[in-house]
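One structure below.
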Amino acid sequence: MSDHREFEAEREKIDFLLEKGYVIKGVTENLSGAFLEFEYKGNEHDQPGKERLHILHPDSRKYFSTILVQQQKKQGVK
Amino acid sequence: MADLSLNLAGIKSPNPFWLASAPPTNSGYQVQRAFEAGWGGAVWKTLGEPILNVSSRFAAVDFNGKNVAGFNNIELITDRPLEVNLKEIYETKKKYPNHAIIASLMVEPTQEKWHEIVKKVEDVGVDGLELNFGCPHGMAERGMGAASGQVPELVEKQTMWAKEVAQTPVIVKLTPNITDITFTAEAAVNGGADAVSMINTINSLAGVDLDSWDTVPNVAGKGAHGGYCGPAVKPIALNMVAECARHPKINVPISGMGGVSSWREAVEFMLMGATGVQVCTAAMHHGFSIVEDMIEGLDNYLEDKGMDSVMDIVGKSVEKYSDWGNLDLNHQVVAKINNEVCINCNKCHIACEDTSHQCIDMLKDAEGNDILKVREEDCVGCNLCSIVCPVDGAIDMVEYANGKPPMTWNERQAAIGAASSCDVNLIK
């Protein structure tokens, strides 16, 4: 798999959770890459849930953090 | 013609090109020759207690057929009595009143010594003083030059002592042989410096002879470290000038030097915050007449830019220089290979395959010709292929519009910190 395809695969996993309504509750970065903690609060149809993604690719780490920065800007998080 | 005249902390010269304190400014004869050739100013070879020099003093580093890519010297400050130098300074200044003569000074780090030399030198009408806290060899072993220039407290104190009696602007010349030059530059400012200059030479050993195993240069088979300068040191010097120029507490003019060989480097230094430049190695390599091309090139550049005065370019690039953490992580450039220009030497493919990100493929076009193609999605924009390419126009690095908003490392880390410490409702 080319480097870029690795990124695409990880981006799809992130997008999948975000589209289902999960939010990133935390980011832990260490020697192995980034670990994203996702949480879904649930609604009348779906149960709450938690997911964890291990992100390896540098472009994926840029990808989720770009989303994080933009969302926080919109929400006025300081 | 644009106005090339310079004003550095009150020191005026007809153009921004000064000879640095070094062998080219050893005597009145040389400095007068330089002024005749067109140099705007000269920093007289460092005055102090006359020293003794060794024979076999210079060495050059050639690289790939280019002579004097770097230059190394183990010559010390002036070996002539102060009175001889002062007489020649007086005569030169009288003959060239509109040119800048700055006296470079180096004495033992005591108040009395600084007071004594400053008073004596100013009596002959110099336009300014440059305190030599930079020479890395010989004098440093005696507690002067770089030895005192590496200690911020000594820089501040000696600057203060010079300033206590100086009537002319005091420039403090800094050594690059230190981890962070802004520490000593700030110390100079705290001591009252009117300007700082940088860089002095870098500790160096030019080479070792593979047959004799002697160092290059050597004195009767024995060597000692020298000071390195010339084109090879320009990037180091330019960064140090830029770091000082953007430092909020270093709010005095900077005289830039280190590898200035043509008007181009001069403009680079000035854009990065230098108010004028000093030159040595290029003059030693090619003679004083190089200043003619420097003046003409600078004038043409200013005319092309529609600028009236050289002072207007000082510092124009400083705001474009920052910390790595403020760079946009989402900015993207990719390599584009122009196969009509490419000679298929494959240097780019080899460089990318062996030492970068393996994104240049060797393919055949429809006619069966060898072509090279970049997989843009895998190209990280490192520039290596365009750097190693021997043909102009064969590889361009072009901006790739990825549609992503700017994001710096600092913004990213702040966002991750905030995500971990508060309940961020993150929805794509």
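No value in this document is a laboratory result; all are computed from the given coordinates. From a predicted model like this one, the values you see are computed outputs, not experimental measurements. A quick note on method: Cβ atoms are made from the backbone with ideal geometry, for glycine too, and the neighbour counts reach across all protein chains shown.
Brief remarks on what is shown
- Within the range B:324-399, the proportion of C-alpha pairs whose separation exceeds 18 Å stands at 37%.
- Cα-based helix-to-principal-axis angle, A:3-19 vs chain A, degrees rounded to 10: 0 degrees
- Ranked by how many other Cβ atoms sit within 10 Å of their own Cβ, fewest first, the residues B:349, A:45, B:247 fall in the order A:45, B:247, B:349.
- Think of it as helices only: each DSSP H run of n ≥ 4 in chain B is worth -39500 (n - 2.57), and spread over all residues that comes to -9000 deg cm²/dmol at 222 nm.
- Think of the range B:5-148 as having a plus end and a minus end, set by charges on the Cβ of Lys, Arg, Asp and Glu; of B:56, B:10, B:106, B:10 sits farthest toward the positive end of this dipole.
- Label-point separation in nm, residue B:370 to residue B:341, each point 7 Å along Cα→Cβ: 2.0 nm
- Charged neighbours of residue B:271, selected by a Cβ distance under 15 Å, balance to 0 (K, R count +1; D, E count -1).
- Local electrostatic count, residue B:323, Cβ distance below 12 Å [Lys/Arg +1, Asp/Glu -1]: 0
- At 0.890 mPa s and 25 °C, Stokes D of the protein assembly as shown from Kirkwood alpha-carbon radius, µm² per second: 93 µm²/s
- Euclidean distance between Cα centres, the range B:374-403 to the range B:304-332, Å: 23 Å
- Whether the range B:25-68 is rounded, prolate or oblate, judged on the alpha carbon gyration tensor where a/c under 1.5 counts as rounded: oblate
- The lysines whose alpha-carbon is closer than 29 Å to the alpha-carbon of residue B:320, local same-chain residues fewer than 8 away aside, are A:62, A:73, A:74, A:78, B:12, B:173, B:234, B:249, B:305, B:336, B:404.
- Local net charge near residue B:223, Cβ-Cβ under 13 Å (Lys/Arg +1, Asp/Glu -1): 0
- Rg to Rh quotient for the range B:182-301, alpha carbon positions, Kirkwood Rh: 1.07
- Pairwise Cα inverse-distance average, inverted: Kirkwood Rh of the range B:1-96 (Å): 15.2 Å
- Ranked B:43, B:170, B:84, A:23, criterion: other C-beta atoms within 10 Å, fewest first: B:84, A:23, B:170, B:43
- Kirkwood hydrodynamic radius of the range B:61-199, from inverse mean 1/r over distinct Cα pairs, in Å: 15.7 Å
- Beyond 15 Å, the tail of the calculated P(r) for the range A:3-75 holds 55 percent of the Cα pairs.
- Cα-based helix-to-principal-axis angle, B:409-421 vs chain B, degrees rounded to 10: 70 degrees
- For the range B:156-233, the C-alpha radius of gyration sits at 1.51 times the compact-globule guess of 2.2 N^0.38 Å, with N the residue count.
- Comparing Cα centroids, the range B:26-102 and the range B:104-178 end up 17 angstrom apart.
- The range B:6-320 - convex hull of alpha carbons, volume per residue in Å³: 124 Å³
- Residues B:126, B:252, ranked from the fewest to the most other C-beta atoms within 10 Å, line up as B:252, B:126.
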